[in-house]
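**Student:** Dumping the structure here so I can ask a few things about it.
The values are calculated or read from the model by the stated rules, or taken from the named source; none is laboratory data. Note that this is a predicted model, so its numbers are computed, not measured. For neighbour counting, all protein chains shown are included, and Cβ atoms are generated from backbone atoms with ideal geometry for every residue, glycine included.
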Amino acid sequence: MEILLTMSNYIIPVTMLFIVVYGLLNGVRIYETFLEGAKEGLQTVVEILPTLIGLIVAVEIFQNGGLLEICTNLIRPLVEPLGFPAEIAPLSVIRLVSSSAAIGLLVDIFQTYGPDSYMGRVASVMMSCTETVFYTMSVYFLAVGIRKTRYTLPCALITNFVGVVVAIWLVGLVW
Amino acid sequence: MDWIWGFFIVGGILTGAILGRMDLVTNAVLDGGKTAMELVFAMAGVVATWAGVLKIGEKAGMIAALARKIEPLMNFLFPTVPKNHKAREYIAANFAANFLGLGWAATPAGILAMKELQKLNRNGTKASGAMCMFLTVNMSSLQLLTINVLAYRTKYGSVAPTEIVGVGIVATLVTTLFGVTLAKICSLGGE
């Protein structure tokens, strides 16, 4: 545990150190270049801002109006015969639309069942092999004005579903 | 995208009306924008910092070197993107940032990658096969270490918070391989 947490404390500073030293050694005007990139970064933020607003408003309406619960309840009877634990179905749906809401639910599971319970382990593993599909798709596709996303959404949804199944299966196998 | 967004809004509001939760929906409409702005303020600095660092890496030729190192992988995933094309560099940078779990830091490279891919895209507003592959891999989750999950496990009294790391890495590899296979199969239909 200690080693991993120490490692994780090192990742970001070391990455930065490595890039900056590499830049210096290769004669890059590092500060000037940094500023140039940072400016582009801020432009990117401004560009994706409308997308983010549209997205977050939609997700909040979806959640607060109760449609998220209905979707979860619809999925539950479909996946429970497959051996999905009760709390995992809502987590897998929420994970697709909001990272922070998923963390909230993860904490609920930890409080109710404990992080070392079967449910807690499945939820923990799941968080590492699934992604906020709705957000990622919107930001990246809308940034370049793509309207027809072809097979990206089904591929991402199926892959995330497989992620949940794999998490359940692996936890069952290991513990 | 229109349909998904429409489903969230129309479905959400109608459900709210049926369930008598219009007060909550009103709050969602009014607060959603605020939440988004708060998020943007929180992340703008991080994104700008990493976009700056990324630029140094790019000018120093580091990202091009990275893209060359994983050239066989790139050839397999993105056969339609020419060798030494900028798109490959940004894709490599985005994958690397995701891999390290840098989160928001991956976004600038990802958007630059999409812009370069769009230059190669002959379908107009329709996604190219390379874009579908890039995003499928991206959304299959590449992150090896989920630091916040470990932190919460510790906080809620786990006796072995990191015991899930190994299993998590295996699960991530499986989903990524699955995603790649799926996107490959879908791309057989042509552009």
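**Student:** Pick from A:Tyr151, A:Tyr140, A:Tyr113: which is among the aromatic types (Phe, Trp, Tyr) and in contact with a Cys (Cβ under 6 Å, 6 or more places away or on another chain)? I'd like the intermediate steps shown before the answer.
**Tutor:** Values: A:Tyr140 fails: in contact with a Cys (Cβ under 6 Å, 6 or more places away or on another chain); A:Tyr113 fails: in contact with a Cys (Cβ under 6 Å, 6 or more places away or on another chain).
Only one candidate qualifies: A:Tyr151.
**Student:** Hey, can you tell me all the residues within segment A:74-100 that are part of a helix (DSSP H, G or I) and within 22 Å of B:Trp3 (Cβ to Cβ)?
**Tutor:** Keep residues of segment A:74-100 that are part of a helix (DSSP H, G or I), which gives A:74-82, A:88-97, A:99-100.
A:Leu74, A:Ile75, A:Leu78, A:Ser92, A:Val93, A:Ile94, A:Arg95, A:Leu96, A:Val97, listed by residue number.
**Student:** Output the number of residues of segment A:69-103 satisfying the condition of being of a type in the set (D, E, K, R) and within 14 Å of chain B (Cβ to nearest Cβ). Before the answer, list the steps.
**Tutor:** Looking only at segment A:69-103, we keep the residues that are of a type in the set (D, E, K, R), and these are A:69, A:76, A:80, A:87, A:95.
Then keep just the ones that are within 14 Å of chain B (Cβ to nearest Cβ); that gives A:69, A:95.
Looking only at that region, the number is 2.
Residue-by-condition table, conditions (1) touching a Pro at 6+ places or on another chain (Cβ under 9 Å); (2) among the polar types (S, T, N, Q); (3) under 14 Å from A:Val59 (Cα atoms):
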residue	(1), (2), (3)
B:Gly6	no, no, yes
B:Ile9	no, no, yes
B:Gly12	no, no, yes
B:Gly16	no, no, yes
B:Glu38	no, no, no
B:Ala48	yes, no, no
B:Ala67	no, no, no
B:Leu73	no, no, no
B:Phe76	no, no, no
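**Student:** Turning to a different aspect of this structure: Please find, among A:Leu4, A:Leu42, A:Leu106, the residue that is at pLDDT below 90 and either more than 9 Å from chain B (Cβ to nearest Cβ) or surrounded by 14 or more Cβ atoms within 10 Å (Cβ to Cβ) (or both).
**Tutor:** Values: A:Leu42 fails: at pLDDT below 90; A:Leu106 fails: at pLDDT below 90.
Matching residue, one of A:Leu4, A:Leu42, A:Leu106: A:Leu4.
**Student:** Can you tell me which residues in segment A:101-119 are among the acidic types (Asp, Glu) and part of a helix (DSSP H, G or I)? If you could, list the steps in order and put the result at the bottom.
**Tutor:** Of the residues in segment A:101-119, the ones among the acidic types (Asp, Glu) are A:108, A:116.
Selection gives A:Asp108 alone.
**Student:** Looking at the structure I just gave you, is B:Ala48 in a helix (DSSP H, G or I), within 12 Å of chain A (Cβ to nearest Cβ) and of a type in the set (Gly, Ala, Ser)? Step through it out loud before you land on a result.
**Tutor:** Numbers: in a helix (DSSP H, G or I): yes; within 12 Å of chain A (Cβ to nearest Cβ): yes; of a type in the set (Gly, Ala, Ser): yes.
Against the criterion (in a helix (DSSP H, G or I), within 12 Å of chain A (Cβ to nearest Cβ) and of a type in the set (Gly, Ala, Ser)), B:Ala48 qualifies.
**Student:** What's the number of the only condition in (1) of a type outside the set (A, V, I, L, M, F, W, C); (2) within 30 Å of B:Trp5 (Cα to Cα); (3) crowded, with 20+ Cβ neighbours inside 10 Å that A:Thr33 fails to meet?
**Tutor:** For A:Thr33, the failing item is (2).
**Student:** Additional query: So which helices (runs of 4 or more DSSP H) stay within segment B:100-191 end to end and still have 2 or more residues that are within 18 Å of A:Ile158 (Cα to Cα) and under 13 Å from the mean Cα position of the chain (by Cα)? Outline the logic, then answer.
**Tutor:** Numbers: elements: B:106-120, B:129-139, B:147-155, B:164-187.
Hits in segment B:100-191: B:129-139.
**Student:** So, A:Val122, is that one part of a helix (DSSP H, G or I) and crowded, with 23+ Cβ neighbours inside 10 Å or not?
**Tutor:** For A:Val122, the condition - part of a helix (DSSP H, G or I) and crowded, with 23+ Cβ neighbours inside 10 Å - is met.
**Student:** Please go through segment B:135-188 and give me each residue that is of a type in the set (Lys, Arg) and facing chain A (nearest Cβ under 7 Å), ordered by number.
**Tutor:** Scanning segment B:135-188 gives a single hit, B:Arg153.
**Student:** Checking B:Lys126 against (1) in contact with a helix residue (DSSP H, G or I) (Cβ under 8 Å, 6 or more places away or on another chain); (2) farther than 21 Å from A:Gly37 by Cα; (3) facing chain A (nearest Cβ under 7 Å), which test does it fail?
**Tutor:** (1)
**Student:** Kindly check whether there is at least one residue in segment A:142-151 that is assigned to a loop (DSSP other than H, G, I, E, B), crowded, with 18+ Cβ neighbours inside 10 Å, within 7 Å of another protein chain (Cβ to nearest Cβ) and in contact (Cβ under 8 Å) with a residue 24 or more places away in the chain.
**Tutor:** Quick first cut of segment A:142-151, residues assigned to a loop (DSSP other than H, G, I, E, B) only: A:144-147, A:149-151.
Checking which are crowded, with 18+ Cβ neighbours inside 10 Å leaves us with A:144, A:146, A:149-151.
Now drop any that are not within 7 Å of another protein chain (Cβ to nearest Cβ), which leaves A:144, A:146, A:149-151.
Filter again for in contact (Cβ under 8 Å) with a residue 24 or more places away in the chain, leaving none.
The answer is no, given that none of the residues of segment A:142-151 is assigned to a loop (DSSP other than H, G, I, E, B), crowded, with 18+ Cβ neighbours inside 10 Å, within 7 Å of another protein chain (Cβ to nearest Cβ) and in contact (Cβ under 8 Å) with a residue 24 or more places away in the chain.
**Student:** Let me ask another. Would you mind stating whether A:Gly54 is assigned to a helix (DSSP H, G or I), over 30 Å from B:Ala28 (Cα atoms) and within 7 Å of another protein chain (Cβ to nearest Cβ)?
**Tutor:** Details: assigned to a helix (DSSP H, G or I): yes; over 30 Å from B:Ala28 (Cα atoms): no; within 7 Å of another protein chain (Cβ to nearest Cβ): yes.
Judged against the criteria, A:Gly54 is not a match.
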